[in-house]
Amino acid sequence: MSDPRALLIDDDATRVAFTFGPGQPARIFDVARRTLTRATDLRDLREPRVRRGIFSADRWENVPDAMINGAAVGMQPEEIGRSIAFMPNSDAVIFGTTKALYALDESGAQRWRMSTDAEVRAVNISADGALAVTAMSDGTLRWWHTVNGHLALTLMPRRDGRWVLFMPSGVYDASVG
């Protein structure tokens, strides 16, 4: 996934739409039903909120010196901004880079930073602000707790419709095959 706006989720982040690449049809993974299907209706899914308003002065996409909410993010050397989503009803953000996932408050101050083993290509946030869903450069989708940045769940979908869903504790589920 190369477009930070292309990760769509429902309000509680249990249905997630994504593509395997440019020009590919959208797929939907439903966590509750444990299904990976071609998307036929995306109306109840929403894009991430990637800007505060029409005149947003934030600078975050594809830059090593991101400015969000008027403050420098304080990224690590060789880190590049890739994705962002504003929290519901707030100017706080979840920000993805080539090396990490950040939570920044309304003033731009860092609440937490979680190193990642792959680029955070897209991020979206549940309607209640409790979960962030990310699309990673390694092909996985990941669910994170926004309060502390802890990883909750990882999905490894495959083009052939098979998938593996697992938690950091080792609990998992998978499609047949």
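The values are calculated or read from the model by the stated rules, or taken from the named source; none is laboratory data. Fair warning: this is a prediction, and the values are worked out from it, not measured in the lab. A quick note on method: Cβ atoms are made from the backbone with ideal geometry, for glycine too, and the neighbour counts reach across all protein chains shown. For accessibility, only protein heavy atoms count, side chains too; no ligands or nucleic acids. Shrake-Rupley method; radii C 1.70, N 1.55, O 1.52, S 1.80 Å.
Looking at segment 34-45, which of its residues are modelled with pLDDT of 90 or more and surrounded by fewer than 15 Cβ atoms within 10 Å (Cβ to Cβ)? Of everything in segment 34-45, those that are modelled with pLDDT of 90 or more and surrounded by fewer than 15 Cβ atoms within 10 Å (Cβ to Cβ) turn out to be ARG34, THR35, THR37, ARG38, LEU42, ASP44. Say whether the condition of being in a loop (DSSP other than H, G, I, E, B), open to solvent by 70 Å² or more (accessible area, probe 1.4 Å), under 15 Å from ALA135 (Cα atoms) and of a type in the set (Gly, Ala, Ser) is met by at least one residue in segment 2-13. Among the residues of segment 2-13, at least one is in a loop (DSSP other than H, G, I, E, B), open to solvent by 70 Å² or more (accessible area, probe 1.4 Å), under 15 Å from ALA135 (Cα atoms) and of a type in the set (Gly, Ala, Ser), which makes the answer yes. When VAL16, VAL50 are screened for being under 22 Å from GLY149 (Cβ atoms), in contact (Cβ under 8 Å) with a residue 12 or more places away in the chain, under 18 Å from the mean Cα position of the chain (by Cα) and part of a loop (DSSP other than H, G, I, E, B), only VAL50 passes.
The condition (being among the aliphatic types (A, V, I, L, M), closer than 25 Å to LEU165 by Cβ and loosely packed, with under 13 Cβ neighbours inside 10 Å) is satisfied by just one residue among VAL147, VAL120: VAL147. Test ARG142 against the criterion of being of a type in the set (D, E, K, R), within 22 Å of VAL176 (Cα to Cα) and either at pLDDT 95 or above or within 13 Å of the chain's Cα centre (by Cα) (or both), and give yes or no. Yes, satisfied.
So that you can scan it fast, the table gives a plain yes or no per residue for (1) open to solvent by 10 Å² or more (accessible area, probe 1.4 Å); (2) aliphatic (A, V, I, L, M); (3) modelled with pLDDT of 95 or more:
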position: THR97; (1), (2), (3): no, no, yes
position: ASP105; (1), (2), (3): yes, no, no
position: ALA127; (1), (2), (3): yes, yes, yes
position: THR134; (1), (2), (3): no, no, yes
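Residues that are of a type in the set (Gly, Ala, Ser), more than 19 Å from VAL123 (Cα to Cα) and in a loop (DSSP other than H, G, I, E, B) within segment 55-71 comprise ALA57, GLY70, listed in sequence order. So, in segment 154-168, how many residues would count as being open to solvent by 80 Å² or more (accessible area, probe 1.4 Å), under 14 Å from TRP143 (Cβ atoms) and either part of a loop (DSSP other than H, G, I, E, B) or in contact (Cβ under 8 Å) with a residue 40 or more places away in the chain (or both)? So the answer is 2. If we keep just the residues of segment 72-117 that are part of a loop (DSSP other than H, G, I, E, B), out of contact with any Leu (no Cβ under 8 Å at 6 or more places or on another chain) and of a type in the set (Val, Ile, Thr), which is nearest to ARG142 (Cα to Cα)? By that ranking, first place goes to THR98.
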